[in-house]
Each structure stands twice: as structure tokens, then as C-alpha cells.
Amino acid sequence: MTVNDWFVENQRDLPWRREGFGAWGILVSEVMLQQTPVVRVIPRLEQWLERWPTPAALAASPPGEAVRAWDRLGYPRRALRLHAAATAITEVHGGVVPSDVAQLLELPGIGDYTARAVAAFAFGLRHPVVDTNVRRVVARAILGQGEAAPASTRRDLAAMEALLPHDEPAAKVFNAGMMELGALVCTARAPRCGDCPLAGSCAWRAAGYPEYDGPRSAVQAKFEGSDRQVRGLVMAELRASDIPVTRAEIERLWPDATQLARALASLETDGLVVADDSDAYLLP
DNA sequence: GAGACGTGGAG
DNA sequence: TCTCCAAGTCT
């Protein structure tokens with residue numbers, strides 16, 4: 001069976017796939033989905049779009065409100081960048097999400113994946129879309145490897161380009177289908193090869209599922225005790241407060257004063273936190 | 001290219 | 001309990 005046929009039959013009913021969802025909604029969904037599971041994105045996305053149905057609406061709110069509404073999706077710099085992207089769309093593109101990949105890449109927080117995802121899914125343009133799912137499916141089905149090598153934009157885009165149907169609508173379905181296949185069937189942990197439309201032609205399966213022996217991506221640093229954890233605690237405190245939080249209150253969040261100061265300073269550098277004139281802290 | 005950057009669910 | 005992983009981006 002082809003990936004496209006499989007997708008038409010087996011795709012999930014996700015909000016951003018609904019007819020007429022809109023480029024802005026798709027852009028927001030793609031940013032929220034960066035490193036964050038679908039199930040956690042859906043409720044937050046719907047609240048977000050109800051409050052900010054257009055880029056101009058978001059741009060008209062303070063950036064801190066975007067950070068607050070981001071809630072616990074993680075990587076709150078994404079919220080700040082999404083706000084900055086909304087501002088750029090409003091001021092530079094007349095409030096209309098651009099369809100051009102190069103223009104999308106100019107927007108804060110929009111990288112190689114998201115730019116092409118928006119161009120392909122919101123505008124139906126034929127661009128290879130490569131995320132972690134696609135890289136894994138290609139690694140297995142085409143290259144015969146159990147895992148994808150560390151990401152390489154040039155190589156990954158070329159590999160997907162070679163597989164992409166020439167026809168524009170078919171290309172859009174194929175992009176979505178490869179991602180969906182990786183998300184539902186060709187999963188990282190325990191792939192369900194019995195349900196895979198590519199089982200008959202899969203190079204990895206044909207080779208007897210050899211163990212992956214290539215270069216591996218770096219293992220994510222331990223979270224417990226990290227600056228990331230401290231930053232997360234500070235941000236949760238600020239999100240929960242309508243008024244500036246005093247330095248003393250923040251210092252109660254973490255026993256290591258040096259590490260806390262470092263985390264707080266990095267949050268200020270990122271623009272996620274602002275200090276007022278009485279050494280209290282708040283969202284921008 | 002390596003490393004930083006949140007959060008929470010699954011096995 | 002602990003490791004892995006989830007539609008990446010930026011420096």
C-alpha cells in the first residue's frame with residue numbers, strides 16, 4: 001500500500017487538519033508542536049486561537065501575555081518568538097502569514113522544519129517537510145537502518161525531495177503521511193510493522209532489523225538539578241502572579257543561590273523576565 | 001556541529 | 001526509579 005492511501009484511511013482527526021483551519025492556526029500549531037506531544041498541544045492551541053485569532057491580535061498583546069498563555073508547554077522562548085513572529089507578520093506582511101519558505105524562515109522561531117510545514121500544509125506548496133518522524137521512516141524504509149542519523153538539513157531535505165510526489169496535492173498528503181506513519185506506526189520505541197503500509201518494501205525489515213551502529217544524537221542532559229529546571233520553577237512562579245515577584249520570593253524557589261542567580265540572569269537575557277526598579281521580577 | 005533549552009507521559 | 005522521547009530552533 002502507498003503512504004498516501006494509508007494516510008487517507010488512518011490519519012488522526014487533528015484540529016489543524018480541518019478544512020479552513022487557516023495559515024495562522026497552522027503556524028501556531030507547528031510552533032507548539034516543536035518538541036511537544038500532540039495531546040498536550042491541542043487544548044492550549046484552541047484557547048490560544050480563541051484569544052488571538054489573527055497575528056495582529058497577538059501582536060497587540062504584551063509578549064508576557066503570550067508567555068503566560070503558553071502555560072506549561074515548555075521551552076517558553078517559543079512563546080516569545082511566536083509573539084515576535086506575529087509582530088513581524090503584522091508589520092512586514094500586512095497581517096498575512098507568508099507562503100514563501102524564505103520569508104517564513106525570516107520569522108523568529110521558524111526554522112527549516114516549520115517554514116516548510118507551513119508552506120506545505122497551510123498553502124499546499126510542494127516542499128519536502130522533514131521532522132523527526134520522517135527522518136526515522138526514511139532511515140528504516142529506505143536506508144535500512146534502525147534509527148535516523150543525527151539531523152542534517154541538506155541531506156534530510158534531499159532524501160525527502162527524492163521521494164516526494166511531483167503533484168502538489170499528492171506531495172502535501174505524502175508529507176503528512178510520512179509524519180503520521182512515524183508517529184503512529186514506525187515509532188521510535190516499538191514499531192508496529194504489522195500495521196505498516198511499507199512492510200513489504202521496508203529495507204530495515206528486509207535486512208532482518210539490524211541493530212543501528214551509526215552515529216547517535218547527543219543524549220539530552222539530565223534535567224534534575226539543571227539550570228533548565230530552575231528556569232522552569234521561576235517561570236511557573238511568574239506566570240502564576242499578576243504582580244511583580246520579589247527577589248526574596250524567587251530565592252525561596254531554589255536552595256543554590258548561585259545557580260538561581262545564573263538562571264534568572266539567563267531568563268532576563270532571553271527576554272522572558274524583566275526586573276522592575278525595586279528588584280522584583282515580572283513577565284515582559 | 002555541539003549544547004542549551006521545559007515538561008510530562010510511557011515502558 | 002530511571003531512561004527515553006516528543007511535528008525543533010538558535011547560538
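As a test of the formula, what do you get for chain A when each DSSP H run with n ≥ 4 contributes -39,500 (n - 2.57) and the sum is divided by the residue count, at 222 nm and rounded to the nearest 500 deg cm²/dmol?
-14500 deg cm²/dmol
Between residue A:247 and residue A:99, what's the calculated FRET efficiency when r is the beta-carbon distance and R0 is 41 Å? Round to 0.05.
After rounding, the FRET efficiency stands at 0.30.
Compare the peptides A:234-242, A:171-179, A:67-75 by average per-residue count of other Cβ atoms within 10 angstrom and give them in order, highest first.
A:171-179, A:67-75, A:234-242
How do the peptides A:108-120, A:217-229 rank, highest first, by the average count of neighbouring beta carbon atoms within 10 Å per residue?
Ranking the peptides A:108-120, A:217-229 by packing returns A:108-120, A:217-229.
Highest mean first, what order results for A:154-164, A:81-91 on Cβ atoms within 10 Å?
A:81-91, A:154-164
For Cα pairs less than 8 Å apart in space and 6+ apart in sequence, what is the mean separation divided by the residue count of chain A, i.e. the relative contact order in percent?
Relative contact order of chain A: 18 percent.
At what distance in nm do the modelled label points of residue A:9 and residue A:39 sit from each other, each positioned 7 Å from its Cα along Cα→Cβ?
Taking the two extended label points, one gets 2.6 nm.
If you line up the long axis of helix A:257-270 against the longest principal axis of chain A, both from Cα atoms, how many degrees apart are they, to the nearest 10?
Relative to chain A, helix A:257-270 is tipped by roughly 70 degrees.
When ligands, DNA and RNA are left out and all protein chains stay put, how many square angstrom of accessible area per residue does chain A have with a 1.4 Å probe?
Normalised by residue count, the accessible surface of chain A is 51 Å².
Using label points projected 7 Å from each Cα along Cα→Cβ, tell me how many nm separate residue A:61 and residue A:161, to one decimal.
The two pseudo-label positions are separated by 3.9 nm.
Would you give the gap between the C-alpha center of segment A:86-118 and the C-alpha center of segment A:1-38, rounded to a whole Å?
18 Å
The values are calculated or read from the model by the stated rules, or taken from the named source; none is laboratory data. Keep in mind it's a predicted model, so treat the numbers as computed, not measured. As a convention, Cβ positions derive from the backbone with ideal geometry for all residues, glycine included, and neighbour counts pool all protein chains shown. What goes into the accessible areas is simple: the full protein's heavy atoms, side chains included, and nothing from ligands, DNA or RNA. Shrake-Rupley method; radii C 1.70, N 1.55, O 1.52, S 1.80 Å.
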